[in-house]
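Every number here is computed from the coordinates shown, using simple stated rules; none is lab data. Source: prediction; values computed, not measured. A quick note on method: Cβ atoms are made from the backbone with ideal geometry, for glycine too, and the neighbour counts reach across all protein chains shown.
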Amino acid sequence: MHTQTKRLVVAVLGASSFALAACGAPSQPASRSQTGQHVSVSATAVVSSRSIPGVGSVLVDGKGFTMYTYDPDTTSTIACTGQCAVNWPPLMGQPTSTDAAIPSTKLSTEKRPDGTAQATYGGHALYLFSGDKAPGQDNGDGLMGVWHVVKVPAGSAAPSTAPSTMAPSTNSGGGYNY
């Protein structure tokens, strides 16, 4: 293998390892990143539901991008900051919806470590995934076993809070379907 090719392989592997580590591990509090293409910085964050084949009805942002939760977050602590928030942009602002499947009582905000307001649904902080390039994708579902789509059961006014009995989604991330 040529020296130049070896350097390229090492650079790519190093960058991939860094990106994967940032996806799953909580980081130290840092200021919110504006680099994520889906980060909403308005005072209001619009959410609705959308059906994804093989997954079911999920929560989406105003552009139709799938919303996710992160297991290390709690109802009082946001764990995804720094590089994690670049890969998993938080939905910022007070969430609102006119979708009947999403009761306004489930929509709220949680204070991020930098003092900004992150949208929540059913007490869970909401994120987008930088790997979703088009509305309706769920490429982040099940990644590292800690990222999950937010499922909105059809005909129900509450999100599922336990792993679904449905078959796992067809994405490469695997299977927890919240």
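Computed 3J(HN,Hα) for segment 120-129, one whole-Hz value per residue from the Karplus formula 6.51 cos²θ - 1.76 cosθ + 1.60 where θ = phi - 60°, is 10, 9, x, x, 9, 4, 9, 10, 10, 10, glycine and proline marked x. Computed over the Cα atoms of segment 56-110, the ratio of the radius of gyration to the Kirkwood radius (Rg/Rh) comes to 0.96. Estimated at 0.36 nm per residue, the fully extended path between Ser104 and Thr74 surpasses their Cα-Cα distance by 8.8 nm. Of Met67, Met92, Met144, the sequence from fewest to most neighbouring Cβ atoms within 10 angstrom is Met144, Met92, Met67.
Taking the Cα centre of segment 60-149 as origin, work out the dipole magnitude from +1 charges on Lys and Arg Cβ and -1 charges on Asp and Glu Cβ, in debye rounded to 20.
Numbers: 5 positive and 9 negative charges, 36 e Å.
That gives segment 60-149 a dipole magnitude of about 180 debye.
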